[in-house]
Structure formats: C-alpha cells, structure tokens
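Peer 1: One structure, as structure tokens, below. Some questions next.
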C-alpha cells in the first residue's frame, strides 16, 4: 500500500494531534503554520514542517500543495484565515479538503467554498465525553450527522451465548451491527450466526434516538 500525502494547516492542539497521528500511522505529513516556534516543536514528529502563511497563494504553491491527497485545515479562531485557506486549496487543485469549523455558519461557508468535509472537534469530543460519563458500557460514540451516530459498547450480559439472528437486533433496537471486536481482532460485517461472547465489543450504527434507547437497555 502506497503512502498517502497529507498536509495539515494550522498547528493548534487539534492540528498537532492530527498531524502526529497521521505520521505515526506511516503517512507522509507536511505541516504549515505561521509560528516558527510551533513549527520547530513538531518538526521531529512529521515528515516536513514549513513556516508559511496559508493565505498566501505563492507560499502554498512553493510547497507543492496540489500534490497532496488530503488537506486538513485545522486553523482555530481565525475564521477569515480558515476560509481563505480553504478557497485557495480548492483553487490550487487539492483533491480532498477537511476543514475545522467553530460553528454551523462557519461550516456552511466552508462547504460552499470547497471543503469536502467539515469537522467540529470540540463538539464531537464533548458528545463522546458526555456519553462516556453517563453510560459506562459505551466505549466510543461518534456523531456522523444530527440524525445518525456510531457507538461502540460492551456486549450486554443478556446477549451472551446468542447469535445475531436470535437477538434480532435490527428489529428490536433499530440499529445495525457493523463489526464485533474480540481479543484485539475485528470481525467486519459479522455473520448473522455469530455468537456474542462476554467481553465482545459491538460496533453499531443507528439513528441517535434508537441508540439512546439502546443505552437504557445496556446500562
């Protein structure tokens, strides 16, 4: 599998976390920020670190921005810089652009000018933390949209020793089981005859209302 080329623009906590994680997973990662001190601090944890203005077209051209598969615009409070960087990257031919938004109006503008995906890191983390605090069996909660989410949870005791057909999960709970994690292995698209065992982690997708009702069941 060939390495992917990522560029991360804006090195706040979110940008640094994304860049270092992508690099640790074996990808080529270029980071761009105006702050020389920040650039120096992350230079050993990414492929290339460049001090440059993301709103300057010539600077972006100089780093070969159009050669990257994915750009992550992680600029924080400077909404104007976030918007301008998104616009420039789209015009310069970056294949896929993910942009961080501070609010829904900011997100709307980013999508209109060329972002392929908009993320709300603080909001998403808040949702995950809240679900983990309220429901100890929920291990992970990812909001895909206002209507649908993915949840990871420990298999309830009542499910142990039964297969997915017997449990009739889709009809009873309105969710779809995407995967089962067991002993550090993941079974994607499990068979309807697979038996649920103690310690299994269920990965399911569903409407937020259905997932909320499931949370009541598995407490």
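Nothing in this text is a laboratory measurement; each read-out follows from the coordinates by a stated rule. Keep in mind that this is a model prediction, so the values were computed, not measured. All Cβ positions, even for glycine, are placed from backbone atoms using ideal geometry, and neighbour counts span all protein chains on display.
Peer 1: So what is the 222 nm mean residue ellipticity for the chain from helices alone, if each DSSP H run of at least 4 adds -39500 (n - 2.57) and you divide by all residues, rounding to the nearest 500 deg cm²/dmol?
Peer 2: So the calculated ellipticity at 222 nm is -10500 deg cm²/dmol.
Peer 1: Still on this structure, I have one more. Below 8 Å, C-alpha to C-alpha, sequence gap of six or more: please give me the relative contact order for segment 5-122 in percent.
Peer 2: Relative contact order of segment 5-122: 23 percent.
Peer 1: Could you give the semi-axes, largest first, of the ellipsoid that matches segment 135-218, computed as the square roots of 5 times the alpha carbon gyration tensor eigenvalues and rounded to whole Å?
Peer 2: Equivalent ellipsoid semi-axes, largest first: 19, 14, 12 Å.
Peer 1: Here's something else I'd like to know. So how do 68, 14 line up by other beta-carbon neighbours within 10 Å, fewest first? The partial results should precede the final answer.
Peer 2: Working: 68 24, 14 19.
Sorted ascending by nearby Cβ count, the order is 14, 68.
Peer 1: Now a separate question. Provide the packing ranking of 69-76, 58-65, i.e. peptides ordered by the mean count of other C-beta atoms within 10 Å per residue, highest first.
Peer 2: Top of the packing list down: 69-76, 58-65.
Peer 1: Express the Stokes-Einstein translational diffusion coefficient of segment 175-219 in µm² s⁻¹, to the nearest whole number, given a Kirkwood radius over alpha-carbon pairs, 37 °C and a viscosity of 0.692 mPa s.
Peer 2: In µm²/s, the coefficient rounds to 288.
Peer 1: Also, I was wondering about something else. Cα extents of the chain along the three principal axes, largest first, in whole Å?
Peer 2: Extents along the principal axes: 62, 36, 29 Å.
Peer 1: Would you mind telling me the antiparallel percentage of the DSSP bridges in the chain, rounded to 5? The partial results should precede the final answer.
Peer 2: Details: 23 of 43 bridges.
Roughly 55 percent of the DSSP beta bridges within the chain come out antiparallel.
Peer 1: Sorting 47, 86, 21 on the 10 Å Cβ count, fewest up front, what's the list?
Peer 2: Details: 47 16, 86 28, 21 12.
Fewest to most other Cβ atoms nearby, the residues stand as 21, 47, 86.
Peer 1: Can you give the Rg to Rh ratio of segment 5-122, both from alpha-carbon atoms, with Rh computed by the Kirkwood formula?
Peer 2: Numbers: Rg = 12.7 Å, Rh = 13.7 Å.
Across segment 5-122, the Cα-based Rg/Rh ratio is 0.92.
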